[in-house]
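The values are calculated or read from the model by the stated rules, or taken from the named source; none is laboratory data. No experiment lies behind these values; they were computed from the predicted model shown. Virtual Cβ from ideal backbone geometry, glycine too; neighbours counted across all protein chains shown.
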Amino acid sequence: MNKPLVSIIIPTYNRADLIGETLDSVLAQTYQNWECIIVDDGSTDNSKHVIGEYLEKDGRFQYHNRPLERPKGANTCRNYGFKVSKGEYVIYLDSDDVLDVFCISERVALVISDLDVDLLIRDSSKLIGNKIINETINRDPENIIVEEYLKMFLRYEIPWQTMGAFYKREILNSVQFDEKLQRFQDVSFNIKVLSQFECLNLLRDFKIDSSFRIDEKKLQREGHIEQMFKSLVIFNKIHRNLLLKAEYRKNLQLFNYHFFEKYIILFFDQSKEASNFVLLNSVSLKMFTFKQNLSIIGLYIYLNTGLYFKEGYGANRFRKFFNNSFLNY
């Protein structure tokens with residue numbers, strides 16, 4: 001057990017220009033007992049050829065195609081990758097993430113020093129272009145306990161990115177990524193993992209050992225906003241069972257408030273259909289208070305009539321009412 005097999009699972013789609021850097025960082029690991037499972041979501045670029053070069057270099061790399069009968073998306077690729085993996089510990093990477101050379105070695109050392117650890121969290125830094133910003137992007141609650149991290153994910157205060165977690169295989173056997181979700185994928189997955197908090201032993205270590213690539217043009221991509229909004233409705237349906245617990249209800253409502261304020265209001269003119277879909281479905285899900293539902297209906301009216309940003313039509317008063325209904329109750 002002092003050198004457990006670690007499964008590194010990477011979904012990819014049209015990343016021929018970036019995945020080489022990710023795989024180089026895997027190949028450079030000082031820890032040797034790993035398998036790297038790459039699952040292609042149907043790339044149409046040169047990804048297969050690039051990955052093929054790594055298959056020839058090292059037999060620890062595996063290349064799989066997403067089964068055609070399964071839904072398209074990174075979550076399906078992650079689930080399939082886990083199914084064919086054999087590691088006692090699992091780390092999920094996106095195909096543009098980068099690991100420091102000591103990442104796996106030090107993570108293994110930490111978890112085998114206490115075999116009761118189910119989930120290890122380490123820090124990640126930003127990677128913008130080819131430049132690493134050597135400061136952590138992780139966040140932590142005041143109390144370093146599983147339930148507080150769960151609440152952070154529920155209100156979209158992301159504590160860690162995908163590669164920051166190191167999972168014991170046993171805790172993933174009953175948890176899968178949601179294959180219908182195109183956004184909030186790791187958020188939803190970690191909510192499921194952390195919901196097992198009563199029997200989950202988490203170890204938090206604060207050393208940076210990986211880098212998360214920041215995509216500054218993501219919001220400009222065609223269809224990204226619409227995809228995000230539709231995923232929000234699916235996300236709410238998946239996790240609405242948590243509304244039954246009062247200590248989680250406000251956090252999940254704040255998750256939605258974040259997207260109402262940051263995205264629906266700002267991007268309404270370019271995504272009216274998707275925005276209205278979210279607003280109307282939000283009311284029908286019965287996950288908000290009466291006052292919050294009134295504010296959502298009001299937001300629907302103000303945005304569709306074009307009055308939200310106009311003075312003299314009660315817009316200022318409505319904006320205060322909308323904010324107060326979520327932030328002060």
Problem - Residue match in segment 64-71 (condition: hydrophobic (A, V, I, L, M, F, W, C) and more than 24 Å from residue 184 (Cα to Cα)) - result: no
Problem - Pairs, first farther than 14 Å from residue 10 by Cβ in segment 74-91, second surrounded by 20 or more Cβ atoms within 10 Å (Cβ to Cβ) and of a type in the set (A, V, I, L, M), C-beta under 6 Å, six or more apart - result: 89/6
Problem - Among the candidates 30, 22, residue that is over 22 Å from the mean Cα position of the chain (by Cα), assigned by TED's automatic domain parsing to the domain that holds residue 118 and not in a strand (DSSP E or B) - result: 30
Exercise for the section: Sort out which residues of segment 98-132 are of a type outside the set (A, V, I, L, M, F, W, C), touching a residue at least 40 places away in the same chain (Cβ under 8 Å), in a loop (DSSP other than H, G, I, E, B) and farther than 21 Å from residue 175 by Cβ, and write them in order of number. Expected result: 100, 114
Exercise for the section: Report, ordered by the first and then the second residue, all pairs with beta carbons closer than 7 Å, sequence separation of six or more or different chains, a first member in segment 139-150 that is in contact (Cβ under 8 Å) with a residue 60 or more places away in the chain, and a second member that is surrounded by 12 or more Cβ atoms within 10 Å (Cβ to Cβ) and assigned to a loop (DSSP other than H, G, I, E, B). Expected result: 140/159; 150/195
Practice task
Would you mention how many residues in segment 99-114 are closer than 24 Å to residue 15 by Cβ and at pLDDT below 95?
Solution key: 0
Practice task
Name, by its number, the condition in (1) over 18 Å from residue 321 (Cβ atoms); (2) crowded, with 17+ Cβ neighbours inside 10 Å; (3) not hydroxyl-bearing (Ser, Thr, Tyr) that does not hold for residue 260.
Solution key: (1)
Fill in the blank from the handout: Among the residues of segment 80-110, the number that are surrounded by 22 or more Cβ atoms within 10 Å (Cβ to Cβ) and either farther than 17 Å from residue 35 by Cα or of a type in the set (S, T, N, Q) (or both) is 1
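Residue by residue, here is whether (1) surrounded by 13 or more Cβ atoms within 10 Å (Cβ to Cβ); (2) within 18 Å of the chain's Cα centre (by Cα); (3) modelled with pLDDT of 95 or more holds:
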{"position": "183", "(1), (2), (3)": "yes, yes, no"}
{"position": "186", "(1), (2), (3)": "yes, yes, no"}
{"position": "197", "(1), (2), (3)": "yes, no, no"}
{"position": "204", "(1), (2), (3)": "yes, no, yes"}
{"position": "213", "(1), (2), (3)": "yes, yes, no"}
{"position": "216", "(1), (2), (3)": "no, yes, no"}
{"position": "221", "(1), (2), (3)": "no, no, no"}
Fill in the blank from the handout: Reported set for segment 44-65 where residues are assigned to a loop (DSSP other than H, G, I, E, B) and either surrounded by fewer than 16 Cβ atoms within 10 Å (Cβ to Cβ) or at pLDDT below 95 (or both) is 44, 45, 46, 58, 59
Exercise for the section: Scan segment 269-303 for residues that are buried (at least 19 other Cβ atoms within 10 Å of the Cβ) and either assigned by TED's automatic domain parsing to the domain that holds residue 156 or touching a Phe, Trp or Tyr at 6+ places or on another chain (Cβ under 8 Å) (or both) and jot them down. Expected result: 271, 274, 275, 278, 279, 282, 292, 295, 296, 299, 302, 303
